[in-house]
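Notes follow once the structure below has been shown.
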Amino acid sequence: MSIGTLIKTIQDIMRKDVGVDGDAQRISQIVWLLFLKIFDDKEQEWQLTIPGYKSPLQNRFRWSNWAKDAEGITGEELIDFVNNELFPSLKKLATAAGVSPSGRVVGSVFEDAYNYMKSGTLLRQVINAIESDVDFNSSSDRHLFNDIYEKILADLQSAGNAGEYYTPRAVTQFMVDILNPQLGESVLDPACGTGGFLTCTIDHLKAQVKTSADRTTLQDCIHGVEKKPLPHMLAMTNLMLHGIDVPSNIRHDNTLSRPLKDYGPKDRIDIILTNPPFGGMEEDGIENNFPRKYQTRETADLFMALIMHLLKHDTGRAAVVLPDGFLFGEGAKTTLKRELLEEFNLHTIVRMPKGVFAPYTSIATNVLFFEKGEPTKDVWFFVHPYPDGYKSYSRSKPLDIKEFDLEKAWWGGPMRKSRKTTENAWKISAADIAARNYNLDCKNPHAVEINHRAPDDLMVEYQEITRQLTEAQNALKAELMLALGGQ
């Protein structure tokens, strides 16, 4: 059965269940079931490869003991088991003393998870479909999770719930390629959503992983935080399938809820890659975790203050997706931009066209690349053009990673010394930006400007064109009448 058919089969079964209301709940239900299936497959592997491995789950709560048998418990017995025994036990792992790291991972996934299904018969059908069609210990089936993941994300988009935590894969890959993480460098996404930046980083680093010690280093250097249960669950599952066996560094939390002053030297990070939620407002009181100069309830601004604070001095570098509003905004935004120029090297802003985040939003976005340590001398701007024949992006015509070959060819290597002004690229000095009150909304000086002119002038021109058209029509009519009269 194809992945698309499998997910559709599962969703069709769930639609018959009166307890599941809408796509978001169906997706959440699929994800916690997949997580337990994957965790069980991983445990079978660990029992063979880790001497003395002991499961953090009681025997009867392991997938292979309650779900694997197609003729196993069903109906009211299954619902009672899941709601009153399985879920309470798994939730306790988040806070119970003496729980292993793998147990904490399970607990963090289930602390805000729910079983929405009310029919044990239908739940058994869903479990059987998952169990019979996917084996995550099979290398070929493991690759299928990428397809499952993409299908789930596509369904989330359709449900209107993904805009806050989904970044197009081409954008994440471009940002990772440019920052070029090295094994041993700490990498953080403080608003990691479903884990796109982190899994892309793992794929980027895989060629550098040669030994078991390297695998441990890789696991230790990947960090993420996500406050919403569903994307956090997806992120944990996604990282496990990308070789992070125990993704204990992926926390279920709100990064902004910790006072900025509480982050010390041990919390500093080499690389931050993120697309913080923009357009949203934080709950009352969150802004009090930040110094007065940064205080605002706008989520993206608070994340920028946090990112700037967390980067390591001299080695820290970041790539952050931000909307146009940050570039020209004032207040706390002006403070942040002034510090970006004075305390960081804001060397590049890639201006993305509208439609990159379609269908969630048409807001134009930008990727800011900056490094901590040296002040900014010049900011390079690069306008990413649409491919030939495109007027926008859409779900059927998304942004493709190959389009970024244009930026990569221009980038000029790690030191960026060979950069040149082109029809898409130009630079502005930090002094000139400061003179603009730190307005970074700089237009392409090479773009052909369309002069729409004043309305009064356009009306005069319209009237003249109309007069000439009437004269031409009358002349043609006279010629025709003359020709007909001649006949």
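So which of THR315, THR274, THR335 is polar (S, T, N, Q) and open to solvent by less than 10 Å² (accessible area, probe 1.4 Å)? Lay out the reasoning, then the answer.
On the way: THR315 fails: open to solvent by less than 10 Å² (accessible area, probe 1.4 Å); THR335 fails: open to solvent by less than 10 Å² (accessible area, probe 1.4 Å).
Just a single option satisfies the conditions, and that option is THR274.
Kindly establish whether ASP378 is of a type in the set (Asp, Glu) and surrounded by 12 or more Cβ atoms within 10 Å (Cβ to Cβ).
On the way: of a type in the set (Asp, Glu): yes; surrounded by 12 or more Cβ atoms within 10 Å (Cβ to Cβ): yes.
Answer is yes for this residue.
So, of the residues in the stretch 72-91 that are open to solvent by 40 Å² or more (accessible area, probe 1.4 Å) and of a type in the set (S, T, N, Q), which turns out to be farthest from ILE127 (Cα to Cα)? Working first, answer last.
Taking the stretch 72-91 as the starting set, the residues that turn out to be open to solvent by 40 Å² or more (accessible area, probe 1.4 Å) are 73-74, 76-77, 80, 83-85, 88, 91.
If we keep only those that are of a type in the set (S, T, N, Q) as well, we get 74, 83-84.
Values: THR74: 10, ASN83: 15, ASN84: 18 Å.
So the residue we want is ASN84.
In the stretch 327-354, of all residues being aliphatic (A, V, I, L, M) and not in a loop (DSSP other than H, G, I, E, B), the one that is nearest to VAL171 (Cα to Cα) corresponds to VAL350.
Among SER140, SER119, SER158, which is open to solvent by 30 Å² or more (accessible area, probe 1.4 Å), among the small types (Gly, Ala, Ser), more than 16 Å from PHE39 (Cα to Cα) and modelled with pLDDT of 95 or more?
Selected residue: SER119, the only one of SER140, SER119, SER158 that is open to solvent by 30 Å² or more (accessible area, probe 1.4 Å), among the small types (Gly, Ala, Ser), more than 16 Å from PHE39 (Cα to Cα) and modelled with pLDDT of 95 or more.
Looking only at the stretch 278-303, count every residue that is under 20 Å from the mean Cα position of the chain (by Cα) and part of a helix (DSSP H, G or I) and tell me the total. Can you show your working first?
Let us first name the residues in the stretch 278-303 that are under 20 Å from the mean Cα position of the chain (by Cα), namely 278-282, 298-303.
So of that shortlist, the ones also part of a helix (DSSP H, G or I) come out as 299-303.
Residues that pass the stated criteria total 5.
In this structure, is LYS372 over 20 Å from PRO181 (Cβ atoms) and either without any contact (Cβ under 8 Å) to a residue 12 or more places away in the chain or open to solvent by 10 Å² or more (accessible area, probe 1.4 Å) (or both)? No; evaluated as a whole, the condition is false for this residue.
Table: residues versus (1) closer than 21 Å to PHE278 by Cβ; (2) out of contact with any helix residue (DSSP H, G or I) (no Cβ under 7 Å at 6 or more places or on another chain); (3) of a type in the set (D, E, K, R).
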site	(1), (2), (3)
LYS206	no, yes, yes
LYS228	yes, yes, yes
MET233	no, no, no
HIS242	no, no, no
VAL246	no, no, no
HIS252	no, no, no
THR255	yes, no, no
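With hydrophobic (A, V, I, L, M, F, W, C), touching a helix residue (DSSP H, G or I) at 6+ places or on another chain (Cβ under 7 Å) and closer than 16 Å to CYS442 by Cα as the only criterion, which of PHE404, PHE328, PHE370, PHE382 stands out?
Values: PHE404 fails: closer than 16 Å to CYS442 by Cα; PHE328 fails: touching a helix residue (DSSP H, G or I) at 6+ places or on another chain (Cβ under 7 Å); PHE370 fails: closer than 16 Å to CYS442 by Cα.
When all the criteria are applied, what remains is PHE382.
Being farther than 18 Å from LEU399 by Cβ, crowded, with 21+ Cβ neighbours inside 10 Å and either touching a Leu at 6+ places or on another chain (Cβ under 9 Å) or aromatic (Phe, Trp, Tyr) (or both) is a description that applies to PHE326.
Of all the residues in the stretch 402-424, those that are open to solvent by less than 90 Å² (accessible area, probe 1.4 Å) and part of a loop (DSSP other than H, G, I, E, B) number 8. Does GLY195 satisfy the criteria of being at positive phi and either aliphatic (A, V, I, L, M) or crowded, with 20+ Cβ neighbours inside 10 Å (or both)? Yes. Scanning the stretch 306-318 for residues that are in a helix (DSSP H, G or I) and either under 19 Å from the mean Cα position of the chain (by Cα) or without any contact (Cβ under 8 Å) to a residue 24 or more places away in the chain (or both) returns LEU306, ILE307.
Given the structure, is ASP214 among the acidic types (Asp, Glu), in a helix (DSSP H, G or I) and open to solvent by less than 50 Å² (accessible area, probe 1.4 Å)? Give the derivation first.
Values: among the acidic types (Asp, Glu): yes; in a helix (DSSP H, G or I): yes; open to solvent by less than 50 Å² (accessible area, probe 1.4 Å): yes.
So ASP214 passes the test.
Which of the strands (runs of 3 or more DSSP E) contained wholly in the stretch 218-277 include at least 3 residues that are under 12 Å from GLY195 (Cα atoms) and not aliphatic (A, V, I, L, M)?
Values: elements: 222-226, 250-252, 271-274.
In the stretch 218-277, the matching strands (runs of 3 or more DSSP E) lie at 222-226.
Looking only at the stretch 15-55, filter to residues that are within 30 Å of the chain's Cα centre (by Cα) and not in a helix (DSSP H, G or I); which one of those is surrounded by the fewest Cβ atoms within 10 Å (Cβ to Cβ)? It comes out as ASP21.
Test LEU399 against the criterion of being over 29 Å from LEU336 (Cα atoms), assigned to a loop (DSSP other than H, G, I, E, B) and modelled with pLDDT of 85 or more, and give yes or no. Spell out the reasoning first.
Working: over 29 Å from LEU336 (Cα atoms): yes; assigned to a loop (DSSP other than H, G, I, E, B): yes; modelled with pLDDT of 85 or more: yes.
The answer is yes for LEU399.
So which of PHE369, PHE357 is in contact with a strand residue (DSSP E or B) (Cβ under 7 Å, 6 or more places away or on another chain), outside any helix (DSSP H, G or I) and at pLDDT below 90?
Numbers: PHE369 fails: at pLDDT below 90.
Step by step, each of PHE369, PHE357 is checked, and only PHE357 is in contact with a strand residue (DSSP E or B) (Cβ under 7 Å, 6 or more places away or on another chain), outside any helix (DSSP H, G or I) and at pLDDT below 90.
Residue check: is GLU343 modelled with pLDDT under 95 and not hydrophobic (A, V, I, L, M, F, W, C)?
Numbers: modelled with pLDDT under 95: no; not hydrophobic (A, V, I, L, M, F, W, C): yes.
No: the conditions fail for GLU343.
Scanning the stretch 92-115 for residues that are open to solvent by 60 Å² or more (accessible area, probe 1.4 Å) and over 26 Å from the mean Cα position of the chain (by Cα) yields LYS92, THR95, ALA97, GLY98.
The values are calculated or read from the model by the stated rules, or taken from the named source; none is laboratory data. None of the values given here were measured: they were computed from a predicted structure. Note: ideal-geometry Cβ built from the backbone for every residue, glycine included; neighbour counts use all protein chains shown. These accessible areas exclude ligands, DNA and RNA; they are computed on the full protein's heavy atoms, side chains included. Shrake-Rupley method; radii C 1.70, N 1.55, O 1.52, S 1.80 Å.
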